[in-house]
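Each remark here refers to the structure printed beneath this line.
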Amino acid sequence: MRDDVPTWEEVAQRHGRKIYNFAYRLTGNPDDSADLVQEVLLRVRRGLENYRPGSFDGWLWRITRNAFLDEVRKRKRRPTSELPEDDRLGLVASPSPDEVLASVRLSEDVQAALLKLPYEFREAVVMCDVVGLTYEEISESVEIPIGTVRSRIHRGRKMLREVLTWPV
């Protein structure tokens with residue numbers, strides 16, 4: 001492997017928690033987030049040999065975004081139904097450290113408000129305000145002009161304020 005390209009293990013160690021946090025903010029569900037992280041890491045493993053040095057974070061977030069959108073499309077084709085509440089009693093397990101970390105960083109109100117945003121705005125706000133990517137990195141990851149990134153972040157934040165503001 002080339003010296004300028006990280007190994008899969010380095011990617012998993014350095015970026016695994018950030019990928020999970022991003023996935024959790026997109027899905028709002030710890031189980032779906034864990035599945036998404038696994039899918040992303042599999043895609044990274046397959047793609048590392050073809051990776052050309054550049055913005056590694058942009059490449060990684062594009063993979064995460066595409067894996068999330070693929071899952072959304074798959075679920076639209078094959079809708080599933082929830083188990084009845086009484087069937088879930090035996091399935092309750094203690095949360096993993098990643099789940100605890102993800103739930104601590106944003107309050108339930110903020111997470112619920114994020115999930116109410118249209119996907120494009122939620123994605124931009126999470127990439128900027130939760131993951132900490134620059135506008136340029138988001139533009140590269142999502143493959144949209146930087147002006148669109150700015151607009152989505154601005155409008156997404158405005159929508160969040162409207163959802164989170166108490167009526168006066």
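Go through the residues of region 153-168 one by one and say whether even a single one is under 30 Å from Gln13 (Cβ atoms), modelled with pLDDT under 90, part of a helix (DSSP H, G or I) and not acidic (Asp, Glu). Scanning region 153-168, I find no residue that is under 30 Å from Gln13 (Cβ atoms), modelled with pLDDT under 90, part of a helix (DSSP H, G or I) and not acidic (Asp, Glu), so the answer is no.
A count restricted to region 139-159 and to residues that are under 28 Å from Pro53 (Cα atoms), out of contact with any Gly (no Cβ under 8 Å at 6 or more places or on another chain) and either in contact (Cβ under 8 Å) with a residue 60 or more places away in the chain or among the polar types (S, T, N, Q) (or both) stands at 4. Residues that are at pLDDT 75 or above, surrounded by 15 or more Cβ atoms within 10 Å (Cβ to Cβ) and in a helix (DSSP H, G or I) occur at least once in region 68-83.
The values are calculated or read from the model by the stated rules, or taken from the named source; none is laboratory data. Remember, it's a predicted structure, so these values are computed and weren't measured experimentally. Using ideal geometry, Cβ is built from the backbone for each residue, glycine included, and neighbour counts are taken over all protein chains shown.
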